[in-house]
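Note sheet for the following structure.
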Amino acid sequence: MAKATFDVPELTPYTEVPAVTPGAMAHSAPFVSKAEFQGPLGFPGELVEDWQTRAIDKMGELLGKYRSLRVYLDSCVKCGACTDKCHYFLGTQDPKNMPVGRQDLMRKVYRRYFTLGGRLFPKLVGAEDFTKEVLDDWYSYFHQCSQCRRCSVFCPYGIDTAEISMAAREIMDSIGVGQKYCNEIIGKVYKIGNNLGLPGPALVDTLEGLEEDVFDETGVKVRYPIDEEGAEILLVTPSADFFAEPHVDGLIGYGKVFHAAGVSWTLSSHASEAANFGMFIGSYDNMRRVAQRIREAAIALKVKRIVFGECGHAWRVAYSFLNTLAGPWDFLDPRYPVPQHICEFTHDLIEQGRLTFDKSENDDKVITFHDSCNVARASRMGEVPGGQFEIPRAIIRATCNHFYDMDEDTIRDRTFCCGGGGGLLTDDLIELRVKGAKPRLDALNNVMQEKGVTHMAAICAICKSQFTKVLPYYGMEMDQIVSLHQLVSNAIVLEGGEDDDEEDAPAAA
Amino acid sequence: MALLTYSYAALFYVAALVLVSGLVVKIVRYARTPAPLKIPTTPAPTSRSGVALRMTREVVLFESLFRGNKWTWIFGWIFHFGLFLVTLRHLRYFIEPVWAPIALVQPFGIYGGIAMVIGLLGLWARRFLVDRVRYISSTSDHLMLALLVLIGTSGLLMKFVFHTDVVAIKRFFLGLYALDPQPLPADPLLLLHLLLVALLMIVFPYSKLLHAPGLFFSPTRNQVDDPRERRHLAPWARALEQQAPAASSDPRG
């Protein structure tokens, strides 16, 4: 049972909108990045001398590069529609965690230096100089946004606070104020190939171990190949999948699906990470550099298709940005979208009747599904808008007998972030993470009480890690969070291949 | 009398110039700033016509706001729709002959004026009654509401209580087109009404009223969800590709 040094909120049947408590989370800030983590990303090592001028210049540069930033800083009318939508506000009561409150931290600086009203009448329009106090506020509160875009759903102008948080982090990085967690991780990707810093040989070992485990359990030789040139599919998955529960159970599931489909596939030690933290820090350059590894791996391994494993923001970058950042993909098989989500892949096979399931294998569980924010509001699966909601649920229904959705206000495009997205999945922000998880866990607790739900499936490495960590704070069990492909893995009925022990095994179709 | 007329004529020339030039500058800047990444809030339409429909629902029905907050939606929609009817009604002062649809809409314009003020008062009440909205409201937010409420009530008062010479007003505005200002009636209520409207026109391009053009340029609402089918590349992002082609395209080298 986790011990907290702060008050863990009480779960309520429905998430209530709290009264505002100014400054409630002003103490929360992640560790600042050291010079050694800044350099490899192209950022100054520490706060530069003329930081104020350089920050304003950077803001001007970004205003010229991103229409979203320019339009969103101008357009807000302070209608208040977003004020009760952010899970961090609902969990912490701090008004600077209301999306508009967060945006205003940048808007007041924008108004002061870039608008007539703010230059002439700063007090009247709420414009302020970019002082060290304001910078400190930025560092604190722009690291209390998980860039989940829930606010953008309800804003009458579609103002997306994520765009503003990303720009703020980019400005801070450019003057030497980086966040340790994100920037250290991006450095690891450049140096070793993945967020967790797992070197190639360790991956090979892990995957061999998985093959043995799966063979012991099923009697079928399911392969987990890496760096195999000429494979049809390159699988790019978050490195957590190689490492920890419940992630690794998902990876086992992907392998079983590929086995059942009879397609050759491979992981890549060069692109052994689906995550792209370049997005979290708003750095196009770093996001592009991280994305290019996937192109490099696809070319080197001569694959025909690219499939992504379960990871929320990675799927956003993959689905929405990969073509932009690392395309064009004209050297891949044009019959398939680039990239595909593993859920799309599995779902297609289910539709074609090519997978056999024994749903009773999951009868020990009553499942609900957590829509990961980046998948829900920043991407799609399948041909039809909203496929990102229907396809994972269809897979659950195909593999489990007992499934219940959480409250409608908290799923699909109104889903709550897990509380750990956007580069906040670090122990130095644990209070924020625990409190930010409250709205999701209110809804989970509700279906646990009313429907007897025992497990929540997710398709995001960050969600899985976050829930594993924070569920115990609320008196729940850490293993109540499961990978979607863990359910597939449990239920799938595999037929043996030629090299299995069984004598009359048919060849894979 | 002449001084008054010429002052107001000058005021409206300036106001119109500021409004039009200010908006043109802003809109051109919005249009020229690239949106380098595909960021529609999904589920999003997969075709241009779908986006047009989504945008129409946002502009006409305030769809997202409806999902976000019913009270703000009802007051906001009443205000904007009322303002729309009032604007149509007022067109009669600026065109000769008056088009048939504008003639037809005249009585509804009066209801629009009442609705507009009710909507504004509802929105203003939220700025005092809801602690979250109170927290985010700045002086300018209150002043903007005050300005609009005063414009609305002074207009309604002229309609229902202190009538003014509408024929002369029309002559004044038509005269402005020909750079030949005609005498403006010296009714205090009218002068207040017109002063505030001119003020509104002047602050429009420099205030949150930019939400009107802004919505049309919002990437989360106006982008098509088709990133896998079509490669989306901003000019400055394309320049990056040309800078360092070797490093990215040949990993085996």
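The values are calculated or read from the model by the stated rules, or taken from the named source; none is laboratory data. Only a predicted model underlies this, so the values are computations on that prediction, with no experimental measurement involved. Backbone-built Cβ (ideal geometry, glycine too); neighbour counts: all protein chains shown.
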Point to revise | Which listed residue is closer than 25 Å to A:Gln292 by Cβ and at the interface with another protein chain (Cβ under 10 Å from one of its Cβ atoms), from A:Arg335, A:Arg414, A:Arg380 | key: A:Arg380
Check your understanding: Out of segment A:15-35, which residues are touching a residue at least 40 places away in the same chain (Cβ under 8 Å) and either among the aromatic types (Phe, Trp, Tyr) or more than 16 Å from A:Tyr88 (Cβ to Cβ) (or both)?
Key -> A:Phe31, A:Val32, A:Ser33, A:Lys34
Exercise for review: Would you please list the contacts, defined by Cβ atoms under 8 Å and residues six or more apart or on different chains, that run from a residue in segment A:313-330 that is at the interface with chain B (Cβ under 8 Å from one of its Cβ atoms) to a residue that is crowded, with 24+ Cβ neighbours inside 10 Å and hydroxyl-bearing (Ser, Thr, Tyr)?
Suggested key: A:Tyr319/A:Ser379; A:Ser320/A:Ser379
Review point. Which one of these is away from chain B (no Cβ under 14 Å) and of a type outside the set (Lys, Arg): A:Ala275, A:Ala271, A:Ala291, A:Ala300?
Key: A:Ala275
Review point. Across segment A:119-143, which residue is nearest to the other protein chains (Cβ to nearest Cβ) among those that are hydroxyl-bearing (Ser, Thr, Tyr) and outside any loop (DSSP other than H, G, I, E, B)?
Key: A:Tyr141
Exercise for review: List every residue pair whose Cβ atoms sit under 6 Å apart, with the two residues 6 or more apart in sequence or on different chains, where the first one lies in segment B:199-220 and is facing chain A (nearest Cβ under 9 Å) and the second, anywhere, is among the aliphatic types (A, V, I, L, M) and not in a helix (DSSP H, G or I).
Suggested key: B:Lys208/A:Val77; B:His211/A:Val77; B:Pro219/B:Ala35; B:Pro219/B:Ile39; B:Thr220/B:Ile39
Review point. Would you call A:Thr324 more than 19 Å from A:Arg393 (Cα to Cα) and not acidic (Asp, Glu)?
Key: yes
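Yes or no, residue by residue, for (1) over 19 Å from the mean Cα position of the chain (by Cα); (2) of a type in the set (Val, Ile, Thr); (3) more than 14 Å from chain A (Cβ to nearest Cβ):
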{"site": "B:Ser7", "(1), (2), (3)": "yes, no, yes"}
{"site": "B:Arg32", "(1), (2), (3)": "yes, no, no"}
{"site": "B:Thr41", "(1), (2), (3)": "yes, yes, no"}
{"site": "B:Pro101", "(1), (2), (3)": "yes, no, yes"}
Review point. What's the number of the condition A:Gly327 fails, among (1) out of contact with any Leu (no Cβ under 8 Å at 6 or more places or on another chain); (2) at pLDDT 95 or above; (3) over 24 Å from A:Val482 (Cβ atoms)?
Key: (2)
Check your understanding: Quick one: how many residues across segment A:149-197 are assigned to a helix (DSSP H, G or I) and of a type outside the set (Asp, Glu)?
Key -> 27
**Study point:** Count of residues meeting criterion [outside any helix (DSSP H, G or I), of a type in the set (D, E, K, R) and at the interface with chain B (Cβ under 8 Å from one of its Cβ atoms)] in segment A:72-102
**Key:** 3
Review point. When you scan segment A:394-429, how many residues do you find that are closer than 23 Å to A:Phe277 by Cβ and either aromatic (Phe, Trp, Tyr) or surrounded by fewer than 19 Cβ atoms within 10 Å (Cβ to Cβ) (or both)?
Key: 3
Check your understanding: Pick from segment B:226-253 the residues that are at pLDDT below 50 and either at the interface with chain A (Cβ under 8 Å from one of its Cβ atoms) or surrounded by 11 or more Cβ atoms within 10 Å (Cβ to Cβ) (or both): which of them is nearest to the chain's Cα centre (by Cα)?
Key -> B:Ser248
Point to revise | Top-ranked residue of segment A:171-193 - restricted to ones that are within 19 Å of the chain's Cα centre (by Cα) and over 21 Å from A:Ser272 (Cα atoms), ranked as farthest from the other protein chains (Cβ to nearest Cβ) | key: A:Lys180
